[in-house]
Structure formats: C-alpha cells, structure tokens
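Quick notes on the structure that follows.
The values are calculated or read from the model by the stated rules, or taken from the named source; none is laboratory data. All of these numbers come straight from a predicted model, not from anything done at the bench. So basically every Cβ, Gly included, is an ideal-geometry build from the backbone, and we count neighbours across all protein chains shown.
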Amino acid sequence: MAYDFAEIYDEIYQKCKNYYLLISNLVRRFASPKAKILDLGCGTGILEMYLPKDYKIVGIDNSKEMLKIAKRKNLKNAKFVLGDIRNFSLKEKFDAAICINDTLNHLTSLKDLKSFFSNVARYLKKGGIFIFDFNTLSLIKNLQKENESGWIVASETKGKILIYKKFRERNFVVWKFVYIFKTKNNILNSKEEKIVERAYDLKQIEKIMKKFGFKAIEKRKIGNYKILLVAHLYFLI
Ligand SMILES: C[S@@+](CC[C@H](N)C(=O)[O-])C[C@H]1O[C@@H](n2cnc3c(N)ncnc32)[C@H](O)[C@@H]1O
C-alpha cells in the first residue's frame, strides 16, 4: 500500500474499535497470559494496541508503509517484520496466530492459501490457536444484487478525501480507491490504488484447514458476509 493509503487505512480502521476488542477478547479466552502471538498481515498494528501488554507479539506484513505506521505506535511488546504471509521464516514458534480484516482474501489462489495455512501450522505450537476471518462468496452475491456502481466516501479529513467502489470479477472483488488531496500549490490531485480480494466459501477453507491439521472450534458470522473462525492445531504435519 502506498504511504497515503496506509495513513488513511490507519485512520479509518482505528474507528473499528469494537472488532479489535472482540478479537482481543477471543485471544484472551483461548491463549494463556504471556502467550506468544503471531499477527499475519498486521497492517498498521491497530490490533496490537488492544492486545494485553503481557503478550509477546510479532506482526508480519508485506507493506513497508503499513509497518512504518505500526512501528510509530511504539508498542514495547510488539515487533513488526516485513514479510510475506505465504512464505515467511521466523526463529520461534507461537501459542496463537491471528489474521483478520480480510487479509486472507488478499490471497487470490488456492496455492497461496495452502502455503499460508502450511506456514501458520509450521509456526504454531501443537495445540495452538488460529483466529482468522474472511469474506465469503455472499459478498459477491450481494454485489451482484446491489449492482453497486456508486462511489462511497470512506474518509474526509483535513482536506483529504478517500472514495472507493467495489465491483466483481468472477469470485474476485476489486476495491478501487481514489485518494483526492490538495498539493502545496493548492491544486487538486489524486492517486489511485486497486486491491483485489478473492472470496471463499466456508467449505473450501475448512477443507484446507483440515489438510494442515486445524479444526474449527468456534465460528461466528460477522455482518452479512464475513466469517470469523477460531481453529485449533490438533496435529503437526
Ligand atoms: C485489510 S488489511 C488488515 C490489516 C490488519 N490485520 C488489521 O486488522 O488492521 C490487510 C493487510 O494485509 C497485508 N497483506 C496482504 N497480502 C499480504 C501478503 N501476501 N503478505 C503479507 N501481508 C499481506 C496488507 O499489506 C495489509 O496491511
């Protein structure tokens, strides 16, 4: 993500406090105090602000811009590392892993999804917990129904505006973001960013989870098209 988008992401998602608190409560329920936590696709480190301070957290993201903002938060118990969640290498194992806010949907092939689950399993201790969410195919169906063509204002502060629209391509959702801002010379300018997400259905995800030793122990529907899962790593491959 480009720098401006990372800044705006941080501003918008800081408003989703309730979801981060929900995740933090789940982690507290399933992981022991002082647990080691791995946050995959940690973004700007907002979740880390809500996790108990006695956890030791490693966040991984492949965006330098997102990590720059995460590091700026100066959280003593969190380390932020540049890496790809499909293929990372660390020196330690974790008690719990987290991957939230549609990060899994950024993986747009089944091959990538398998590498991702395989890596999570590799870096979790046996009996470890994996908490993650994903957008389901009902997002695609809704988009079809809504035939959403209008632009939505996502943020409007200090003369900066972010608008976006989402549209569908087969089982992919394409989010098109346009960031409008004034230059030093007071001239209106804009930058664009496109994010492609693949929607998955629960059966697809459960099949892959099972292959890599995970079993769902809690499932929640979040809104109309998101599923939040708590999975348990019951065997090591
Ligand atoms: C929607 S954001 C979620 C951020 C964070 N989990 C949160 O809840 O605020 C998705 C994040 O996943 C990261 N990401 C996408 N694909 C990735 C990959 N293959 N490896 C590492 N990070 C990735 C993006 O850079 C972005 O920061």
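A few notes on this one:
- Count of segment 80-92 residues, restricted to those that are over 13 Å from Gly41 (Cα atoms) and either of a type in the set (Ser, Thr, Tyr) or within 14 Å of the ligand (Cβ to nearest atom) (or both), is 2.
- Residue in segment 81-89 that is among the β-branched types (Val, Ile, Thr), crowded, with 21+ Cβ neighbours inside 10 Å and assigned to a loop (DSSP other than H, G, I, E, B) present: yes
- Among residues of segment 164-205, those that are among the small types (Gly, Ala, Ser) and in a strand (DSSP E or B), counted: 1
- Matching residues, segment 36-58, being aromatic (Phe, Trp, Tyr) and either modelled with pLDDT under 95 or assigned to a loop (DSSP other than H, G, I, E, B) (or both): Tyr55
- Residues of segment 6-32 classified as within 10 Å of the ligand (Cβ to nearest atom) and not in a loop (DSSP other than H, G, I, E, B), total: 8
- Subset of segment 21-66 (residues that are touching a residue at least 60 places away in the same chain (Cβ under 8 Å), out of contact with any Gly (no Cβ under 6 Å at 6 or more places or on another chain) and acidic (Asp, Glu)): Glu65
- Sole exception among (1) crowded, with 17+ Cβ neighbours inside 10 Å; (2) part of a strand (DSSP E or B); (3) assigned by TED's automatic domain parsing to the domain that holds Phe30; (4) not hydroxyl-bearing (Ser, Thr, Tyr) for Met209, by number: (2)
- Identity of the residue in segment 70-92, among the basic types (Lys, Arg) and at pLDDT 95 or above, that ends up farthest from the chain's Cα centre (by Cα): Lys76
Matching residues to (1) modelled with pLDDT under 95; (2) within 13 Å of the ligand (Cβ to nearest atom); (3) surrounded by 15 or more Cβ atoms within 10 Å (Cβ to Cβ):
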position	(1), (2), (3)
Lys34	yes, no, no
Ile60	no, yes, yes
Lys68	no, yes, no
Phe94	no, no, yes
Ile100	no, yes, yes
His106	no, yes, yes
Asp112	no, yes, yes
